[in-house]
Every structure is written in C-alpha cells, then in structure tokens.
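A short worksheet on the structure shown next.
The values are calculated or read from the model by the stated rules, or taken from the named source; none is laboratory data. Predicted model only: the values in this text are computed from it and were never measured. Please note: Cβ atoms are built from the backbone with ideal geometry, for glycine as well, and neighbour counts cover all protein chains shown.
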Number of protein chains: 2
Amino acid sequence: MNRESQVSVTVIRRLPKYHRYLTELIEKGISRISSQELSVLTGFTASQIRQDLNNFGGFGQQGYGYNVEDLQKELGKILGLDTRYNAVVVGAGNLGQAIANYKGFEDAGFKVLSLFDRNPRVIGLKIRDIEIRDMEHIEEFIKEHNVEIGIITTPKDSAQQIADIYIRSGIKGIWNFAPTDLQVPDDIVVENVRLNESLFILSYFLKTKFDK
Amino acid sequence: MNRESQVSVTVIRRLPKYHRYLTELIEKGISRISSQELSVLTGFTASQIRQDLNNFGGFGQQGYGYNVEDLQKELGKILGLDTRYNAVVVGAGNLGQAIANYKGFEDAGFKVLSLFDRNPRVIGLKIRDIEIRDMEHIEEFIKEHNVEIGIITTPKDSAQQIADIYIRSGIKGIWNFAPTDLQVPDDIVVENVRLNESLFILSYFLKTKFDK
C-alpha cells in the first residue's frame, strides 16, 4: 500500500494540469515559481496548490517557491510518465488512427504497437509504422507483446465485448472512448473520455449564456 | 438572467451523464425509474440525484419516481440539445476528420459545415459530404453561414491564433482539443478536451495499482 493511493481522485485529476503548466514554464525558460504565481497561471488558489503538492511530499521551500524542473520531473514520476507502457487500439477509424498518429503520447511513454479492426478494407494498412491487424489475432498479440493498455475507439455496441477480450488477454488498463460504461473486475483500471458529454456541456453554456 | 446560470458547474457536468443513462433506459424500453434505481445505475447517491434534478424543476413524483422519457427530454432541452448549432473544425487531420465523421454529434444538433486546413494536400477533399477548405476563407465562411461553434484540433502552437480568428469572426463557443489554455474574452464559451490529461490519469492509476 503506498501513500499515493490515499489521495483523493479530485486531487489526482489536477496533477496532469500541474504537469502541463510546469512543462510550459520549462519551455519558457522559467526555473523557479511561487505557489502565488502558479495560482495565477492555473486558476487554483495558492493554498490549494500547496495542499495538493504536499500530498506527495514537500516540494516547495518557504521563501523560495518551487524548482520548476524538479517539480515537473517528480510529478511526471508520480503520474508514471517515466514508465513505458505498451498499448493497442481496437477500432481503426479516424479516432483510432488519430491516437496512433499522435506523437505526444509516445513521447510520454505510451507506445501503440498495433491497431485492430474487423474491416478487411483497412486490415494490413499502416499508420506511421503501426499496422492495422485483424481482430482475430488480438489475444495472442496482447499476450506476446506484454500489452498493458487497451484503447477502445469503436461504437458503443461493441465496447463491452472488446473490454472482455482485453481483460481475458491480461490487459491492466482500458482507455475507453465509447460512450458507455464498461463492466470490469476491480483490478482493471478504466479511464473514460466522454466526447459527447463535453460537447453537451459546451451546448449548455452556449444556451445559458445566449439564451438561444 | 435565468435560473440555470446559478447552478454549480459540478452539477451541470453531471447532466450529460443523466441524459446518457436515461437514453439507455429508453432504448431498453424502461419508462419509469426511482432515484434509488438511478443511483444504482449512475453511482451517484439517490439524494444527490434528487438535489441535482431539483435545481431545474420538480421532475420526480413522490412514490412514482421519474418518467424516463419526460426527464430525458427535459434534460435534453436544458442542455440545448433541441437547438441546432453550426460548427466548423480547424485541423483536418485524423481527429478533425473523426469529429466530422461522427454522426452522433449531428444527431444531437451539432452540424459540422466545413473543415479548414492549410495543407494543400487535403484542401478540397471531402469527409462524408463535408469539404476541407483553405484556412484563407474561414472568416467569410463563418460569417456567411452563421457558424456558432469553432472546433480546434490542431497542435497547441497554432491554437491561440485560431481562437483569435474564431472570435474575430463572431463565433460564440470553442471546443478545444489542443493541450493549451486559450485566452478569450468573457463572453466566449470554451470547453476543453484534455486527452493527454486523461491518459496520464490512467497511467497514474496503473502505476499506483500495480506499482510498476
């Protein structure tokens, strides 16, 4: 049992934001920042920032603030970005291809080894150097290549079936883009991306603001 | 000033989830549901569900529960899903094409009229019946076609510049997939999709759970 598992999900969900802001500061050549300055940047209060970061150890120093590079590196470790993960995608449509194509994920340690699909028109094609394979071979591929992350970019009706295949094959985490809840055992990590919900929120605020 | 603008963002962010669960219930032919049953389905407590929905009017009836179809329809109205929005996408890569291709958005009232890009190799191509046009013509297109939503699926370095073009052209809401914060005036609605952050959260929980 390590300390991090005690931290609330709300705090954890802010860590990637801190990491992003710190990365931008490094790109701008800024080496030191106070929690007050971080507050202006992130929109979180300075005391919330200090509390959040204290959950993971005392990074800041009174009167000095935070060393940007050290803090970014430490947060990266906490987020597991120093670890390398093998991933596959089921659903080689535009969204699946976009994920395979995005070098930013690979730079952060997530390597898409293969896409899988049932559509014979796309099987055999390559996205960058990543081949689209027949769904038929997915279980053996996952086992052979120690794939830990399974990505789902299919319509919702096939999502659960794919999750079941992933779990059976030994995958530990699922990144799910299908707009449905997956039923998985407790030891499988699921992270959902809800594009519909995000768009509906935009719609809500447009409606409320402009009373269209 | 309408009532909804007083409701907290946390509550509002749950509305699309309720809408999704209710839509699934309708698909299953279920016409009536109690807050207890909704609680099992959504993972929110029954009292939270009642509180959330009471913000928008008294939908439920003591001893009867909620009429699934009525509630789904009302939530849809609150979310603006009965309104039609015209949208454009800048960035006609895989992600932009995935958005243009996804019929689910159109069914919910969001019509992508055009994609825009600077890459001459894609200008003129069509995704379904949606043309990829030259960035040069974007301002006049937005004004001529009453486009209200601008979608950004470019790398982060060009995102602010595109946001500025959108704002200058009269767009009211931006759906931003670029991993950066946009600077916009108060009357512009921005909704961000943070794919990186979502992946990093998956990574965090994998690391914490499996101590890799």
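B:Thr180 fulfils the conditions (1) farther than 18 Å from A:Phe205 by Cα; (2) within 10 Å of chain A (Cβ to nearest Cβ); (3) at pLDDT 95 or above except for a single criterion, (3). Report, by residue number, each residue of the stretch B:25-63 that is in contact with a Gly (Cβ under 8 Å, 6 or more places away or on another chain) and either among the aliphatic types (A, V, I, L, M) or within 20 Å of B:Ile12 (Cα to Cα) (or both). Selection gives B:Ile33, B:Ser35, B:Arg50, B:Leu53. Of the residues examined, A:Ile201 is not one that is at the interface with chain B (Cβ under 10 Å from one of its Cβ atoms), within 30 Å of B:Thr42 (Cβ to Cβ) and not in a helix (DSSP H, G or I).
What do you reckon, is B:Gly104 assigned to a helix (DSSP H, G or I) and modelled with pLDDT of 95 or more? So B:Gly104 fails the test. Of the residues making up the stretch B:135-184, those that are part of a loop (DSSP other than H, G, I, E, B) and under 20 Å from B:Tyr85 (Cβ atoms) are B:His145, B:Asn146, B:Val147, B:Glu148, B:Thr153, B:Gly170, B:Ile171, B:Lys172, B:Phe177, B:Leu182, B:Val184. Candidates in the stretch B:74-103 are the residues that are crowded, with 16+ Cβ neighbours inside 10 Å and free of Cβ contacts under 8 Å to residues at least 12 places away in the same chain; of these, the one that is farthest from the chain's Cα centre (by Cα) is B:Asn94.
The set of residues in the stretch A:123-159 that are within 19 Å of A:Lys103 (Cβ to Cβ) and in contact with a helix residue (DSSP H, G or I) (Cβ under 8 Å, 6 or more places away or on another chain) comprises A:Ile127, A:Arg128, A:Ile130, A:Ile149, A:Ile151, A:Thr153. Of the residues B:Lys126, B:Lys207, B:Lys172, B:Lys143, the single one that is in the same structural domain as B:Tyr102 (by TED's automatic domain parsing), surrounded by 14 or more Cβ atoms within 10 Å (Cβ to Cβ) and without any contact (Cβ under 8 Å) to a residue 60 or more places away in the chain is B:Lys172. Residues in the stretch B:51-66 that are at pLDDT 85 or above, within 11 Å of B:Arg32 (Cα to Cα) and either touching a Ser or Thr at 6+ places or on another chain (Cβ under 7 Å) or loosely packed, with under 15 Cβ neighbours inside 10 Å (or both): B:Gly65 alone.
The criterion of at least 1 residues that are outside the structural domain of B:Ile127 (by TED's automatic domain parsing) and closer than 24 Å to B:Val112 by Cα is met by the following helices (runs of 4 or more DSSP H) wholly inside the stretch B:5-100: B:9-27, B:68-78.
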